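What follows is one structure encoded as structure tokens, with my remarks underneath.
The values are calculated or read from the model by the stated rules, or taken from the named source; none is laboratory data. Just so it is clear, the structure is predicted and the values come from calculations on it, not from any experiment. Here the Cβ is made from the backbone with ideal geometry for all residues, glycine too, and neighbour counts use every protein chain on show.
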Amino acid sequence: MSHFAVVAPPLYSHFRALQALAQALICRGHRVTFVHQYEAAGLLSDPGIGFEPVGLASHPAGSLARALRHAANPSGLAIRRVIADLCATTDMLCLALPAVLQRLQVDGVIADQMEAAGGLVAEGLGLPFVSVACALPVNREEGVPLAVMPFAYATDERARQLYRGSERVYDWLMRDHGQVIARHAYAFGLRPRRGLHECLSTLAQISQTPPGLDFPRQQLPDCFHAVGPLRPALTRPGSDPVWPLEPARPFVFASLGTLQGQRYGLLRSIVRACRRVGAQVLVAHCGGLDAAQAQALGEHGATWVTAFADQRQVLRQAHVLVSHGGLNTVVDAIAGGTPILALPIAFDQPGVAARVAYSGIGRRASRFCRSGALAEHLQALLEGEHYRQALQRLSGQVQQLPGTDGAARVVEQALCSKRPVYAERAA
């Protein structure tokens, strides 16, 4: 039995994906401990997974809730607060992890790509580590726009110049975080680096993004494994509330994820758009709305409003998903064969939305669209057979990917052997 530590951003979607991976590793006889600030323990739901709190002095009670509020509203100058939170978290983890990982006697580290500290500290301590892309991969490649950029894919020189220019803008915006990475890399005696893409494992990199969803890639490392969604086994049918659907009317599922579920105005526009096309709509606000707002959505035409729903089960019934474009939600829609209307808000969501449009499995639109424009998008998705055909192809690819169990095998092999695990490539 080996002991693995998990280091990831304290975000629900990242912790849940990595929890599924941890559960698969535990079933294979290993021990897994998440390490982060104290309040992040609430993001785990499996008591069989360990949790080690760190950084109480710099990240006391209330700090995570404050950081999540910042992340939920990152537009304009507020993005500086989000970056400052990222800097503080990476700095805290780089300072706290060495002693904790040595005390826990871990044999290896599972490092989320979006938190540089996992890879930095593991490499500094001489521990094997694997990188996991719960969001779009941060791997950079000439001719491919960054994951956080909204650009469509093109191969002409104008597009390439746009991609290169956007990288420079991004690196300038993230310069404070780059300085934190550079400072700790120097302290650990590592080669110079300043970005997340320079903190990745050379043993194994695991990604939830199906190859058919991403833009064409030519330069991924040989140890890059696209495994598909990291999820536990589906819950038993009937474990979620039964939505008494009217067979003659289309069914839309609307969810803006755990960070954006408080956007009542956008959810209201979505509900009104569904009413325009005669669709039933289930809104899952992930606890972001109060009772009065939930009731008001019903008055505007929502068929059902709930805090949480079993997303994978619902997406197997829904005719259309309206989403913020979070990767976890989009991949679940692909697996369920559900066309997507992506309304990106922040982070990698614009990049996911661009890939949804590129792959032909849905449409992207501005979150500022009025209900009439949203209704036109919904109608096109409901009537467009080509969206379902593209989804059929891509969902078939997802079914062929190794999934959580395959990811666990890669992690086990890489961390136990301390040797690269190369992915099989199609001829």
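If you take just the strands (runs of 3 or more DSSP E) that sit entirely in the range 1-70, which of them hold at least 1 residues that are polar (S, T, N, Q) and either touching a helix residue (DSSP H, G or I) at 6+ places or on another chain (Cβ under 9 Å) or assigned by TED's automatic domain parsing to the domain that holds Leu327 (or both)?
Here the list reads 31-36.
Give the range 336-353 a look and list any residue that's of a type in the set (A, V, I, L, M) and buried (at least 23 other Cβ atoms within 10 Å of the Cβ), or say none.
Ile340, Leu341, Ala342, Leu343, Val352, Ala353
So is Thr338 at pLDDT 95 or above and within 30 Å of Val410 (Cβ to Cβ) or not?
Against the criterion (at pLDDT 95 or above and within 30 Å of Val410 (Cβ to Cβ)), Thr338 qualifies.
Being buried (at least 19 other Cβ atoms within 10 Å of the Cβ) and not hydroxyl-bearing (Ser, Thr, Tyr) is the filter here, so list the residues in the range 366-389 that pass it.
Arg367, Leu374, Ala375, His377, Leu378, Leu381 - these are the residues of the range 366-389 that are buried (at least 19 other Cβ atoms within 10 Å of the Cβ) and not hydroxyl-bearing (Ser, Thr, Tyr).
Checking Ile206 against (1) more than 18 Å from the chain's Cα centre (by Cα); (2) at pLDDT 95 or above; (3) buried (at least 19 other Cβ atoms within 10 Å of the Cβ), only one condition comes out false. Which one?
Only one criterion in (1) more than 18 Å from the chain's Cα centre (by Cα); (2) at pLDDT 95 or above; (3) buried (at least 19 other Cβ atoms within 10 Å of the Cβ) is unmet by Ile206, namely (1).
Condition first: touching a residue at least 12 places away in the same chain (Cβ under 8 Å), aliphatic (A, V, I, L, M) and within 21 Å of Ala346 (Cα to Cα). Now tell me which residues in the range 55-104 satisfy that.
Leu64, Ala65, Ala67, Leu68, Ala71, Ala72, Ile79, Val82, Ile83, Ala84, Leu86, Ala88
Among the strands (runs of 3 or more DSSP E) lying completely within the range 191-298, list those that include at least 1 residues that are free of Cβ contacts under 8 Å to residues at least 60 places away in the same chain and closer than 24 Å to His70 by Cα.
Counting at least 1 such residues, we get 280-284.
Looking at Ala96, Ala67, Ala111, can you tell me which residue is aliphatic (A, V, I, L, M), buried (at least 20 other Cβ atoms within 10 Å of the Cβ) and under 23 Å from Ser207 (Cα atoms)?
Ala111
Looking at Arg160, Arg168, Arg194, Arg140 in this structure, which one is loosely packed, with under 15 Cβ neighbours inside 10 Å and of a type outside the set (Asp, Glu)?
Arg168
Regarding the range 85-92, can at least one residue be identified that is among the polar types (S, T, N, Q), part of a helix (DSSP H, G or I) and surrounded by 16 or more Cβ atoms within 10 Å (Cβ to Cβ)?
Yes, the range 85-92 has at least one match.
Which of the numbered conditions does Thr329 fail, given that it passes all the others? Conditions: (1) polar (S, T, N, Q); (2) surrounded by fewer than 21 Cβ atoms within 10 Å (Cβ to Cβ); (3) not in a loop (DSSP other than H, G, I, E, B).
Of everything listed in (1) polar (S, T, N, Q); (2) surrounded by fewer than 21 Cβ atoms within 10 Å (Cβ to Cβ); (3) not in a loop (DSSP other than H, G, I, E, B), Thr329 misses just condition (2).
Which of the following residues is of a type in the set (D, E, K, R) and farther than 27 Å from Gly76 by Cα: Glu141, Glu167?
Only one candidate passes the filter, namely Glu141.
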